[in-house]
Amino acid sequence: METVREIALRSGETAKIIKASPDIIDRLIELEDRSINPATFMRITEEELADSIENDTVFVATLADNPIAFSVLVHNRDSERSLAQRLGHNHRDVLTFDGVIVSKEARGNGLQRIFLLLAEELALSLGASYVGATVSRLNEYSRRNFAASGFTELCEIPIYGSSRILAEKRVK
Ligand SMILES: CC(C)(COP(=O)(O)OP(=O)(O)OC[C@H]1O[C@@H](n2cnc3c(N)ncnc32)[C@H](O)[C@@H]1OP(=O)(O)O)[C@@H](O)C(=O)NCCC(=O)NCCS
């Protein structure tokens, strides 16, 4: 599988970022099960993963072929998973950063910020002008990473059965 980027971890090991293919879905769901706090993170479902592997991009960070983190990006297409309408833009202008999960052992390597950078590069390559995302008010780690990556928190909206902050970054 093609390596998109190599990342030096604090441990001295090197992680590889690849694009997910359908055969990895079970392992990503398993990673999600042991990594998320349901109070601050709305689960990425198996159906959403399958949809995005087929129609969008799912980046996976692997260490010795084991997934340690992943990020789901919904392309600038007409999808109910796109945040374009919420942001008041045309769907062709928005790449949606649908979610990121880093396993507990891999945290502290700045992987969310690397995925945000990859999202920005992808948005530009697809001709989108914005990257959009939502984040729980309680998720201080994620909010800090969005802010450090140049995202603006716009407002709080009811979404995914709770209330979340809507954020965007203009990339061009
Ligand atoms: C949010 C998340 C992706 C950040 O992971 P990350 O990119 O590895 O985080 P960072 O590299 O910015 O970590 C910075 C510091 O915060 C710590 N940290 C990060 N997330 C943490 C968490 N959920 N709980 C406790 N500490 C955490 C790191 O260990 C590191 O501390 P250190 O420098 O003292 O070692 C990760 O916490 C996660 O996967 N959470 C569950 C899913 C989620 O909430 N996703 C975001 C949805 S918008």
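The values are calculated or read from the model by the stated rules, or taken from the named source; none is laboratory data. Quick caveat, the model's predicted, so the values are computed rather than measured. No Cβ is skipped: glycine too gets one built from the backbone with ideal geometry, and neighbour counts run over all protein chains shown.
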message: Just checking, does the range 77-93 include any residue being under 15 Å from the mean Cα position of the chain (by Cα), closer than 28 Å to Ser21 by Cβ and either within 13 Å of the ligand (Cβ to nearest atom) or crowded, with 19+ Cβ neighbours inside 10 Å (or both)?
response: yes
message: Given the criteria at pLDDT 95 or above and either in contact with a Lys or Arg (Cβ under 7 Å, 6 or more places away or on another chain) or within 28 Å of Gly127 (Cα to Cα) (or both), does Asp23 qualify?
response: no
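For (1) assigned to a helix (DSSP H, G or I); (2) in contact with a helix residue (DSSP H, G or I) (Cβ under 8 Å, 6 or more places away or on another chain); (3) within 6 Å of the ligand (Cβ to nearest atom), each residue gets a yes or a no:
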{"position": "Leu95", "(1), (2), (3)": "no, yes, no"}
{"position": "Glu105", "(1), (2), (3)": "yes, no, no"}
{"position": "Arg113", "(1), (2), (3)": "yes, yes, no"}
{"position": "Leu117", "(1), (2), (3)": "yes, no, no"}
{"position": "Glu121", "(1), (2), (3)": "yes, no, no"}
{"position": "Leu124", "(1), (2), (3)": "yes, no, no"}
{"position": "Gly127", "(1), (2), (3)": "no, yes, no"}
{"position": "Val131", "(1), (2), (3)": "no, yes, no"}
- prompt: List pairs: first in the range 140-159 and farther than 20 Å from Ile36 by Cα, second within 8 Å of the ligand (Cβ to nearest atom), Cβ under 6 Å, 6+ apart or cross-chain?
  reply: Ser149/Arg113
task: List the number of the failed condition for Ile53; all other conditions in (1) of a type outside the set (Gly, Ala, Ser); (2) without any contact (Cβ under 8 Å) to a residue 40 or more places away in the chain; (3) surrounded by fewer than 16 Cβ atoms within 10 Å (Cβ to Cβ) hold.
output: (3)
statement: Apart from one, (1) among the hydrophobic types (A, V, I, L, M, F, W, C); (2) modelled with pLDDT of 95 or more; (3) within 10 Å of the ligand (Cβ to nearest atom) all hold for Ala15; the odd one out is (3)
- prompt: Which residues, taken from the range 27-50, are under 20 Å from Ser142 (Cα atoms), exposed (fewer than 14 other Cβ atoms within 10 Å of the Cβ) and more than 9 Å from the ligand (Cβ to nearest atom)?
  reply: Asp33, Arg34, Pro38, Ala39, Thr45
query: Of the residues Arg10, Arg77, Arg81, Arg43, which is of a type outside the set (A, V, I, L, M, F, W, C), outside any strand (DSSP E or B) and at pLDDT below 95?
result: Arg43
